[in-house]
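First comes the structure, then the notes that go with it.
The values are calculated or read from the model by the stated rules, or taken from the named source; none is laboratory data. None of the values given here were measured: they were computed from a predicted structure. Cβ placement follows ideal geometry from the backbone for every residue including glycine, while neighbour counts extend to all protein chains displayed.
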Ligand code: FES
């Protein structure tokens, strides 16, 4: 057997510093490309799994709004407002309680309405019903409850904040 074909005789020469730097740069670029690829795959999955309500709320950086003069809202009525870019509602229940919730249906994202005569929140798109005090999905298509906000009533109005 000749010396050239015998694997035991092949001697690998040490890498030069230039070759090592090139290898590191290649590995760093490959790692960055892998991260980008993973993010590109994960984002559509997140979009698919996130509810329309979560998407609407995550699109805004707003954490609190003050609804001027909303403390004058009559009992048994509702005030629709925007929490950032997302529709929301402030309900002044007949028993005096103040409840603020997102108004984006967790099924497919339609804007829901408060029905004072039935004291419930209804989605006209597919008949979803929510509890007007807790936001719980009561019947129909909605898979999740509406998100509740914190409320604080003062002389200037009603402050609504993320819970
Ligand atoms: S979008 Fe509200 S029930 Fe379908």
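Which of the numbered conditions does residue 104 fail, given that it passes all the others? Conditions: (1) surrounded by fewer than 18 Cβ atoms within 10 Å (Cβ to Cβ); (2) closer than 17 Å to residue 163 by Cα.
Residue 104 satisfies every listed condition except (1).
Give me the pairs: first residue in region 98-113 and farther than 16 Å from residue 139 by Cα, second residue away from the ligand (no atom under 12 Å from the Cβ) and assigned to a loop (DSSP other than H, G, I, E, B), beta-carbon distance under 7 Å, and six or more apart or on different chains, which are they?
Going by the 7 Å Cβ cut-off, the qualifying pairs are 99/93; 99/132; 99/133; 101/135; 101/147; 102/147.
Between residues in region 134-163 that are at positive phi and residues that are within 16 Å of the ligand (Cβ to nearest atom) and in a loop (DSSP other than H, G, I, E, B), which pairs lie under 6 Å by C-beta distance while being six or more apart or on different chains?
Going by the 6 Å Cβ cut-off, the qualifying pairs are 135/145; 135/146; 140/127; 140/128.
Of all the residues that make up region 85-97, how many are in contact with a strand residue (DSSP E or B) (Cβ under 7 Å, 6 or more places away or on another chain) and touching a residue at least 24 places away in the same chain (Cβ under 8 Å)? Even if it seems obvious, please write down each step before you answer.
Residues of region 85-97 that are in contact with a strand residue (DSSP E or B) (Cβ under 7 Å, 6 or more places away or on another chain), as a first pass: 86-93.
Filter again for touching a residue at least 24 places away in the same chain (Cβ under 8 Å), leaving 86-91, 93.
Final tally of qualifying residues: 7.
I need a count of the residues in region 145-155 that are in contact with a helix residue (DSSP H, G or I) (Cβ under 8 Å, 6 or more places away or on another chain), surrounded by fewer than 18 Cβ atoms within 10 Å (Cβ to Cβ) and closer than 20 Å to residue 118 by Cα. Step through it out loud before you land on a result.
Start the filter on region 145-155 by keeping residues that are in contact with a helix residue (DSSP H, G or I) (Cβ under 8 Å, 6 or more places away or on another chain), which leaves 146-147, 153-155.
Those still in the list that are surrounded by fewer than 18 Cβ atoms within 10 Å (Cβ to Cβ) too: 153-155.
With the extra rule that they be closer than 20 Å to residue 118 by Cα, the set shrinks to none.
The total comes to 0.
If only one of 96, 84, 127 is at pLDDT below 95 and at positive phi, which one is it? Give the steps one after another, and end with the answer.
Working: 96 fails: at pLDDT below 95; 127 fails: at pLDDT below 95.
From the options 96, 84, 127, the qualifying one is 84.
Within region 130-144, is there a residue that is surrounded by fewer than 16 Cβ atoms within 10 Å (Cβ to Cβ), part of a helix (DSSP H, G or I) and either modelled with pLDDT of 95 or more or more than 16 Å from the ligand (Cβ to nearest atom) (or both)?
No.
I want to confirm something. Restricting to region 102-129 and keeping residues that are within 11 Å of the ligand (Cβ to nearest atom) and outside any loop (DSSP other than H, G, I, E, B), which single residue is farthest from residue 81 (Cα to Cα)?
129
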